[in-house]
Amino acid sequence: MPDFWEHPKEARLQMKKIKDLQSWIDGYREVEDAVDELEIGWDFVKDGELSEDELDALYNKAIQKIEDLELRNMLRREEDKLGVVLKINSGAGGTESQDWASMLMRMYMRWCEQHGYKTSVANLLDGDEAGIKSCTINVEGDFAYGYLKSENGVHRLVRVSPYNAQGKRMTSFASVFVTPLVDDTIEVRVDPALLSWDTFRSGGAGGQNVNKVESGVRLRYQFTDPYTGEKEEILIENTETRDQPKNKENAMRQLRSILYEKELHHRMEEQAKIEAGKMKIEWGSQIRSYVFDDRRVKDHRTGHQTSDVQGVMDGDLDGFIKAYLMEFAASEEEK
């Protein structure tokens, strides 16, 4: 079509569909190639040209490719393909909880890096002595929300605190909120009459790095829940760049993401009522415990656990994500 790019929004939507289809074709071909290699490898073993250990490696590779494609097949919802706004808040407990929040931030940043997702820190509030009080991270890339929606809830840390002189075992909490990062293909209505803006100077390290202009933006939106009538002020701060218009644009994107997530939350609650509790929607509940001294990380929803605490804190979350999606998909199929 010669006029294809004359309608940018429709063109982007079409290109996204093509990209999605191509990714499934590529995934299928990777599985096909891995299975072919395994079949050839079996013939080589019989002829003594390949060891059993090498054959095992080919088998594990084929299984991994199949499981990866199977896992992505579970992400069928419209929002699963989107990026993520991931917000971490430290719980009560001062420095200990703030340190825990910063450890979670590092864990998710490492996971994103390992999976090729682009991250940007939209807002960061440092702790009083160490760690962070809160942070907001934008994660961009295909299926980021589909995978990271499993992380929504309260995360509990048990360890001997380095901030406690008596060497006592301490329990800390931090909450993680995961919201789909909406793009141009998602229609979300924002009423300009309910919006107001403030500007402020972004914090800096001092000296030449101090921001002398008010590039930080604070957005307030007076939201009324269309289903319950409850009123709420949504507050978003963005200090991502030193460009105020860009920060406003980013804050608006986050607002649209929050409004979209609220609609999704309502749909999921209604679905949960219909399903009589079959689906586990863990909004705001304690989902996982990280017990450092016992070398154990356990997910309370699925029962999945591992003794590789350091690996988890370095971003190895795939086992937990997979276990959650397997259970989520099984509940979906029961409908």
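Listed here are the residues, each with its yes/no results for (1) within 22 Å of LEU219 (Cβ to Cβ); (2) modelled with pLDDT under 95.
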position: MET103; (1), (2): no, no
position: ARG106; (1), (2): no, no
position: MET109; (1), (2): no, no
position: CYS112; (1), (2): no, no
position: ASN123; (1), (2): yes, yes
position: GLY127; (1), (2): no, yes
position: THR136; (1), (2): yes, yes
position: ASP142; (1), (2): no, yes
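Determine, yes or no, whether VAL190 is modelled with pLDDT under 90, within 28 Å of TYR145 (Cβ to Cβ) and in contact with a helix residue (DSSP H, G or I) (Cβ under 7 Å, 6 or more places away or on another chain). So VAL190 fails the test. Selection of the stretch 161-201 for residues being part of a strand (DSSP E or B), polar (S, T, N, Q) and under 30 Å from GLN14 (Cβ atoms) yields only THR179. Contact map, the stretch 287-314: residues that are exposed (fewer than 15 other Cβ atoms within 10 Å of the Cβ) paired with residues that are of a type in the set (Gly, Ala, Ser) and outside any helix (DSSP H, G or I), Cβ distance under 8 Å, separation 6+ or inter-chain. Pairs shown: ARG295/SER307.
Within the stretch 289-304, the set of residues being under 19 Å from the mean Cα position of the chain (by Cα) and either at pLDDT 95 or above or of a type in the set (Ser, Thr, Tyr) (or both) comprises SER289, TYR290, VAL297, LYS298, ASP299, THR302, HIS304. Comparison of GLU282, GLU249, GLU233 shows that the only residue that is at pLDDT below 90 and of a type in the set (Asp, Glu) is GLU282. Restricting attention to the stretch 103-158, the residues being among the basic types (Lys, Arg) and farther than 21 Å from VAL291 by Cβ number 3. Just to be sure, is GLN208 modelled with pLDDT of 90 or more and outside any loop (DSSP other than H, G, I, E, B)? Criteria not met by GLN208. Applying the criterion of being among the small types (Gly, Ala, Ser) and either farther than 29 Å from LYS262 by Cβ or over 19 Å from the mean Cα position of the chain (by Cα) (or both) to the residues of the stretch 316-335, the residue that is modelled with the highest pLDDT is GLY319.
The values are calculated or read from the model by the stated rules, or taken from the named source; none is laboratory data. Quantities reported herein were computed from a predicted structural model and do not represent experimental measurements. We place every Cβ from the backbone using ideal geometry, glycine too, and count neighbours over all the protein chains shown.
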